[in-house]
Structures are given as C-alpha cells and as structure tokens.
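Worksheet for the structure shown next.
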Number of protein chains: 2
Amino acid sequence: MKRIAIDMDEVLADFSKKCLEAMNAFVGTSFTKEDLRVKTIDELYESYPDELYQVLHSAEFFRDLEVIPHSQRIVRELNEHFQIVIATAAMDIPTSFDAKYKWLREHFPFLDPQYFIFCGDKNVVQADYLIDDNIKQLNSFTGQGILFTAPRNESIDYEVRADNWKEVHAFFLTEQVKSY
Amino acid sequence: MKRIAIDMDEVLADFSKKCLEAMNAFVGTSFTKEDLRVKTIDELYESYPDELYQVLHSAEFFRDLEVIPHSQRIVRELNEHFQIVIATAAMDIPTSFDAKYKWLREHFPFLDPQYFIFCGDKNVVQADYLIDDNIKQLNSFTGQGILFTAPRNESIDYEVRADNWKEVHAFFLTEQVKSY
C-alpha cells in the first residue's frame, strides 16, 4: 500500500484565517488572505513581532483552527486505499504539539496516531507522496509532491498542484488507476 | 552524508530509572532495573495502572531524565560525520512533547531541531541507521538497525547490538572506514 504524507497548516487546518483574525483583533490591522498573496504572515506583521509570537505560541492557538473544506471526507476515502501519514512541521512552535495532536484526534479520529509525525524538515519523512503548501518542504521531500494551493504559493510553478481537496482526490484516483 | 536516527528513551534518556523511582515512591514497591529483565514496566505495575498513567502523563515527567552516559560526547562526534536525527515515539504520551523538546535542547544543544521527529511507528523515518532499544521499532525501520541494550531486550538475538555509547561509537567508526 502506497503512503501519502499530509501537511496540516493550510492543507487540513485553516491556519492563516485564524492567525489573521487574531492578529487583526490584537493590533488593529485589517489584513485578509488577499494580502498573503504578496507577503508572508511574518512580513505582514513585521512591526508586531512580539504580538505575533505571543499569538502563535499560546498553548491553545492550534486547538480550534477550522478544517479545510472536504478534507475530512476525502482523507477518509484515501485512507481506504493508501496509508495516510500526517506530517506537520511543528518544531518551529513546540508549544503547538499538544493542541495539534488533540485537533487531529478530534477532526480525523479515523487516523492512526502511530502515523502522526511532528517534525521539522520533511526530508526525513518516508512516504510516496507529500501534500503540502510549502514549496521548500516539497523540494526537500524525496517522493512525489503535490503543491496544495495557498495564497503564498499561487505564483509558483510546480509539476503537480491541487487547488482544493476535490483536486487532490482526482489526482489520487488517477494514481490508483495507474497502479492497476 | 549518511543519516543516523536516534531514539530517546533508554538510549539518550534514562527513562526507566526515573519511572521506577517515581512509581516505587508513589505505590510503595521496590523494583529495580533487574526486574525489567523479565517484565515490562506495564507488567511490573499491573496492579497500579492508574498510578502509572498519572506518573507518565504528568507534563514534567520527561523534563529531567538523566542523560545516558557518554551519549552527549559521542553524539556530538557523530554529528561531525553523519546527519543526526532524533526519532522518538512520542505519540503514546502526547503530553510528553514539550518536555522532550526542552530536554533535547538542554542536553543536545548542538543538534538542529529541524531534525527532531516525534512520531509513532518508525517505519516513516527516512534514515540509514536507527539506534533503538525497541526491537519492534527496529523491525519496522527500513534501514540498518542497532539494538541499544536495555533490560527488556537482553535476551533478543539481533544482528547489531551496542551495550553502551562507546560501542555505538566503535560501530560507526567502522562504518566510516567502510565508506572510504
């Protein structure tokens, strides 16, 4: 059975939505996801590094992120035909570990936690595919990457891109057919 | 550069020493590491499952484990010739994440946290070698395993075994020579 590794932030969990809402409320800005097409979160709030740190490092920030549309249903389906691994780059924000674990157990209870990986560089992840919004991680990964569209990667040219989970599903249906 | 993955509990950190001390003090037993040669921790304290859970799931349990002798010096040396990855099966005790991260930063500050992996099954770890005391993890791992001696694995027959960190060092000096 082939293995699919799946990133969390921006792929399963709407990280940027909550981050923008929390920071806008905290420092009085009114940025939207549109702004993330030209700047990163760090650049948007470059005048507020301490506030950004405080928001992202609070123990509960990652606990109640919204689930990206259709991801639950499609990951559940993929789970029938592939081994699913969740690979999240948690080492930048170690305080996020516990909340991320609980979030996964709540929203993806059908996944086996023995295949959750909290890591840094995804070069260490042994899998056939990686679905990620971060081009650096996809370039570091040794298998086939699928770039999951997020504002920050819209202008990047990459071999396989999915704009949403329905496109991820279509890609893997084709992969299954190929393997017959 | 070849990559060595290293387990934490019983290999870098003296998990069983603190666990026995804490449980003996808590429930009035007087077990030692000798007892772990015939029983697992779970079996030893089978009459005290709630107490064992409480001890191991306290947020700070993993924060002050003793460092296994010579591991710091030898990992630092290996770090010059190999890429070092720390791979710990943390998913059984998610409350341990934060303490394990801080422990690693304190005792192995020369290692890059981007190569820390908190996982379950080590089949997902992409590395050339894995040093682990758990035979199940070594059997699941896809590279070359090194069984690090601990009471629970003394009777197991395995191709490569190291009784201590000096033996690990000797093994990798030989591997380096082979690769010339």
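The values are calculated or read from the model by the stated rules, or taken from the named source; none is laboratory data. Model, not experiment: these values are computed from the prediction. Here Cβ is always computed from backbone atoms with ideal geometry, including for glycine, and neighbour counts include all displayed protein chains. Accessible surface is based on the protein model in full, side chains and every heavy atom, while ligands, DNA and RNA are left aside. Shrake-Rupley method; radii C 1.70, N 1.55, O 1.52, S 1.80 Å.
Quick test of your reading of the structure: residue A:95 fulfils all but one of (1) within 7 Å of chain B (Cβ to nearest Cβ); (2) surrounded by fewer than 21 Cβ atoms within 10 Å (Cβ to Cβ); (3) within 15 Å of residue A:7 (Cα to Cα). Name the failing condition by number.
Failed condition: (3).
Of all residues in the stretch B:128-139 being touching a helix residue (DSSP H, G or I) at 6+ places or on another chain (Cβ under 7 Å) and surrounded by 18 or more Cβ atoms within 10 Å (Cβ to Cβ), which is farthest from the other protein chains (Cβ to nearest Cβ)?
Top of the filtered list is B:133.
Please go through the stretch A:158-180 and give me each residue that is open to solvent by less than 10 Å² (accessible area, probe 1.4 Å), out of contact with any Ser or Thr (no Cβ under 6 Å at 6 or more places or on another chain) and touching a residue at least 40 places away in the same chain (Cβ under 8 Å), ordered by number. If you could, list the steps in order and put the result at the bottom.
First, pick out the residues of the stretch A:158-180 that are open to solvent by less than 10 Å² (accessible area, probe 1.4 Å): A:162, A:165, A:168, A:172.
Still in the list and also out of contact with any Ser or Thr (no Cβ under 6 Å at 6 or more places or on another chain): A:162, A:168, A:172.
Matches in the stretch A:158-180: A:168, A:172.
Just to be sure before I move on: is residue A:100 within 14 Å of chain B (Cβ to nearest Cβ), out of contact with any Leu (no Cβ under 6 Å at 6 or more places or on another chain), surrounded by 17 or more Cβ atoms within 10 Å (Cβ to Cβ) and basic (Lys, Arg) in the structure I sent?
Yes, satisfied.
Quick one: is residue B:155 open to solvent by 10 Å² or more (accessible area, probe 1.4 Å) and within 11 Å of chain A (Cβ to nearest Cβ)?
No.
Step by step: first the residues of the stretch A:1-46, then only those that are farther than 20 Å from residue A:152 by Cα and of a type outside the set (A, V, I, L, M, F, W, C), then the one that is most open to solvent (accessible area, probe 1.4 Å). Which residue is that?
My answer is A:2.
It is to be established whether one or more residues within the stretch A:59-73 are closer than 29 Å to residue A:161 by Cβ, over 16 Å from the mean Cα position of the chain (by Cα) and not basic (Lys, Arg).
No, the stretch A:59-73 has no match at all.
Out of the residues in the stretch B:75-85 that are more than 10 Å from every other protein chain (Cβ to nearest Cβ) and crowded, with 19+ Cβ neighbours inside 10 Å, state the one that is nearest to residue B:5 (Cα to Cα).
Here is the first cut: in the stretch B:75-85, the residues more than 10 Å from every other protein chain (Cβ to nearest Cβ) are B:75-82, B:84.
Going one step further and asking which of them are crowded, with 19+ Cβ neighbours inside 10 Å, we end up with B:75, B:78, B:82, B:84.
On the way: B:75: 11, B:78: 11, B:82: 10, B:84: 6 Å.
So, considering only residues that are more than 10 Å from every other protein chain (Cβ to nearest Cβ) and crowded, with 19+ Cβ neighbours inside 10 Å, the one nearest to residue B:5 (Cα to Cα) is B:84.
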